[in-house]
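Quick notes on the structure that follows.
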Amino acid sequence: MSNDAIVQGFDAEKDDGLKITLDTIADVDKGLIIYLNGYIDTYNSSLFQKRIQKVVEAGYVNLVFNCATLNYVSSTGIGSFTAFLKMVKAKNGDIVLLAIQPKVYELFQLLGFSQFFNIRETITEAVAVFKAGASAENSVFPKIFGCPVCSKRLKATKAGRFRCSECKSIFSVDQAGSVFLG
């Protein structure tokens, strides 16, 4: 299914630095997964915002941003995600950021925005955020995730502070399964 078939006029404008692909999520009411490939910076963030505005105007308010191939986000780009969160929360929706690259996650962490977003590693975890709300948090553990510094695959059986066995970085995992440096 093409982007324009999901959200009319979505592909009217494009940017060489950021490719966006849309797909519906059958198990989530008003749910859409947004695949981001490339980068979001000061120059393309306004176009990014316009395109996601079209998504929300089309009625999609439960958004999963798949960031597995998003290589860079500037602080302006993070501001865009914050604007989207406010936009969908006002319509009883939510956002999940999925499979964030370690360097991108580090920027979210450094700017203090990681605590505002649902950040998950798998689509199953992302869908659980929408389907079960608070009860999804209880099913988070054991949590398998990548170290936010070196990407080594790690496992936490409960919330707490941990040290990466590879790079020795200290990080915390909260009750919702979100991972934070420090």
Scan (1) of a type in the set (Asp, Glu); (2) open to solvent by 60 Å² or more (accessible area, probe 1.4 Å); (3) touching a residue at least 40 places away in the same chain (Cβ under 8 Å) for the single condition GLU125 breaks and write down its number. (2)
Given the structure, is SER151 surrounded by 15 or more Cβ atoms within 10 Å (Cβ to Cβ), modelled with pLDDT of 80 or more and in a loop (DSSP other than H, G, I, E, B)? yes
Out of (1) at pLDDT 90 or above; (2) surrounded by 14 or more Cβ atoms within 10 Å (Cβ to Cβ), what's the single condition that is false for SER46? (2)
Which one of ASN71, ASN66, ASN62 is open to solvent by 40 Å² or more (accessible area, probe 1.4 Å), closer than 22 Å to SER114 by Cα and in contact (Cβ under 8 Å) with a residue 12 or more places away in the chain? ASN71
What's the total number of residues in region 23-43 that are surrounded by 12 or more Cβ atoms within 10 Å (Cβ to Cβ) and more than 23 Å from LYS91 (Cβ to Cβ)? 5
Could you tell me whether TYR35 is in contact with a Lys or Arg (Cβ under 9 Å, 6 or more places away or on another chain), at pLDDT 95 or above and of a type in the set (Phe, Trp, Tyr)? yes
Condition set in contact (Cβ under 8 Å) with a residue 40 or more places away in the chain and either in contact with a helix residue (DSSP H, G or I) (Cβ under 7 Å, 6 or more places away or on another chain) or of a type in the set (Lys, Arg) (or both), scope region 49-59, selection surrounded by the fewest Cβ atoms within 10 Å (Cβ to Cβ): answer is LYS54
I'd like to check which helices (runs of 4 or more DSSP H) are fully inside region 44-145 and have at least 1 residues that are under 29 Å from ALA12 (Cβ atoms) and hydrophobic (A, V, I, L, M, F, W, C). 45-57, 75-89, 102-110, 123-132
Quick one: LYS143 ticks every box in (1) more than 26 Å from LEU47 (Cα to Cα); (2) basic (Lys, Arg); (3) surrounded by fewer than 16 Cβ atoms within 10 Å (Cβ to Cβ) bar one, so which box is it? (3)
Considering only region 1-22, state which residues are assigned to a strand (DSSP E or B) and open to solvent by less than 70 Å² (accessible area, probe 1.4 Å). ASP15, LEU18, ILE20, THR21, LEU22
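The values are calculated or read from the model by the stated rules, or taken from the named source; none is laboratory data. Small disclaimer: the values here were computed from a predicted structure and weren't measured. Here Cβ is always computed from backbone atoms with ideal geometry, including for glycine, and neighbour counts include all displayed protein chains. For accessibility, only protein heavy atoms count, side chains too; no ligands or nucleic acids. Shrake-Rupley method; radii C 1.70, N 1.55, O 1.52, S 1.80 Å.
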